[in-house]
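Read the structure below first, then the notes.
The values are calculated or read from the model by the stated rules, or taken from the named source; none is laboratory data. In this text the structure is predicted, and so the values were computed from the model without any measurement. Every residue, glycine among them, receives a Cβ derived from its backbone with ideal geometry; neighbour counts consider all protein chains shown.
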Amino acid sequence: MAQHIGVLTAGGDCPGLNATIRGLGKAAREQFGMRVTGFLNGFRGLALDQTVDLDDQMLSGILTNGGTILGTSRDKPHKINIGGKQMDMTDAICDCYRKHHLDALVCIGGGGTQKNARRLMDAGLNVVTLPKTIDNDIWLTERTFGFDTALEIATEAIDRLHSTATSHERVIVVEIMGHRAGWLALEAGIAGGADVILIPEIPYDIEKVAEAIRQRTLSGKRFSIIAVAEGAMSVEDASAIGTMVEAKAAAESKKERQEISTRLRAYHKEHLGHTIRITEQLEQLTGQETRLTILGHLQRGGTPTASDRVFATWLGTECARVLDDKHYGIMLAYQGGKIKRVPLEDVAGTVRLVPHDTPLITAARGVGVCFGD
Ligand code: F6P
């Protein structure tokens, strides 16, 4: 009997989702004779049985489109807002999966989606995941689609900021997405020729950043570009967070752990907008006019780059092959130029941060970039 496959996109969107859905859908249908059903708005659509038939018509003309034809949400199977209440919908999801006689479910998403897919795997569903995110921070894969497009957008933004910073002899701070990882800021900073790059993995001392700007001024360079990852942290903030994380690991009761998690969440929430503080501090410390640009969701919108389209198509079509093999409980990861099948349990819950010994940091330091350390 022909296999019936369910597919959903969950978490924040990114360019390349439609190219992946198209690659998966076309290969599954045309090469392997499968039926493919899309579930709308992430895990919510699976809980509420909201579907769309991914037929030839639906899969056509979407390769270059940004966003996702399936819609997405940050709902988790065990925490879905139904009528203003957070409900555990895991059983409803399993019922829906069985009602449709699905052979497998493909979850396309970021770090959170890997964890949620693993929960569904533990609940007995056949799951395969495909990693996506502009943050490039998923464990065990060297690449996620969406990253290349976001990198192009952020780099172009830095290029454009250069000319206005030069004209006005200003310092311009540019905030770049990436969640708790610094990949996007690091690579866009290098590609755009930023003078300072601040990433979460290297806590910064604002005085050292100011000194780097002063030195540039002394050498006749009257403008500076400071690329800051949204998750970058000062030495003081990093130490406060480190203390909380250690306390959480040592906590003996669930209640204590939950309390620390709540405090950590509040801290991270307060941290949003920290680039406003950096901008003010730098203006004060250097005496130079300073401006802030927050790139935000611009980095996630619009058409994917050629490279992301190629990679997404490869990932989607490879996924169809995996489904034909009936190989479940895995994520498809890019490693050493190949797409490999890695156990979901090895991925879920771990974030891929920028290692201190990456050649990218060495290269950036080689051209005089200051990391604030
Ligand atoms: O994970 C992708 C991402 O764009 C992060 O870089 C960012 O921190 C987050 O999503 C923003 O999420 P939202 O779209 O929910 O504001």
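Before moving on, here are some points about what is shown:
- Here is the figure for region 200-243: residues that are touching a strand residue (DSSP E or B) at 6+ places or on another chain (Cβ under 8 Å) and either within 16 Å of the ligand (Cβ to nearest atom) or modelled with pLDDT under 95 (or both) total 7.
- Entry remark, region 162-221: residues being in contact with a Gly (Cβ under 7 Å, 6 or more places away or on another chain), small (G, A, S) and in a helix (DSSP H, G or I) number 1 in total.
- The single condition from (1) within 25 Å of the chain's Cα centre (by Cα); (2) closer than 18 Å to L105 by Cα; (3) in a loop (DSSP other than H, G, I, E, B) that G12 fails is (2).
- Only one of the listed residues (L298, L315, L285) is in a helix (DSSP H, G or I) and more than 26 Å from the chain's Cα centre (by Cα). That residue is L285.
- Filtered by the rule that a residue be surrounded by fewer than 17 Cβ atoms within 10 Å (Cβ to Cβ) and either of a type in the set (K, R) or within 25 Å of G316 (Cβ to Cβ) (or both), region 82-93 gives a lone residue, K85.
- Of the listed requirements (1) free of Cβ contacts under 8 Å to residues at least 60 places away in the same chain; (2) more than 16 Å from the ligand (Cβ to nearest atom), K79 misses just one: (2).
- Positions within region 101-149 being away from the ligand (no atom under 13 Å from the Cβ) and among the charged types (D, E, K, R), in sequence order: D103, K115, R118, R119, D122, E142, R143, D148
Residue-by-condition table, conditions (1) within 16 Å of the ligand (Cβ to nearest atom); (2) within 23 Å of T133 (Cβ to Cβ):
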{"residue": "L17", "(1), (2)": "yes, yes"}
{"residue": "I21", "(1), (2)": "no, yes"}
{"residue": "G25", "(1), (2)": "no, yes"}
{"residue": "R29", "(1), (2)": "no, no"}
{"residue": "F32", "(1), (2)": "no, no"}
{"residue": "G42", "(1), (2)": "yes, yes"}
{"residue": "G45", "(1), (2)": "no, yes"}
{"residue": "V52", "(1), (2)": "no, no"}
{"residue": "N65", "(1), (2)": "no, yes"}
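- Residue match in region 271-280 (condition: of a type in the set (G, A, S), closer than 30 Å to I206 by Cα and part of a helix (DSSP H, G or I)): no
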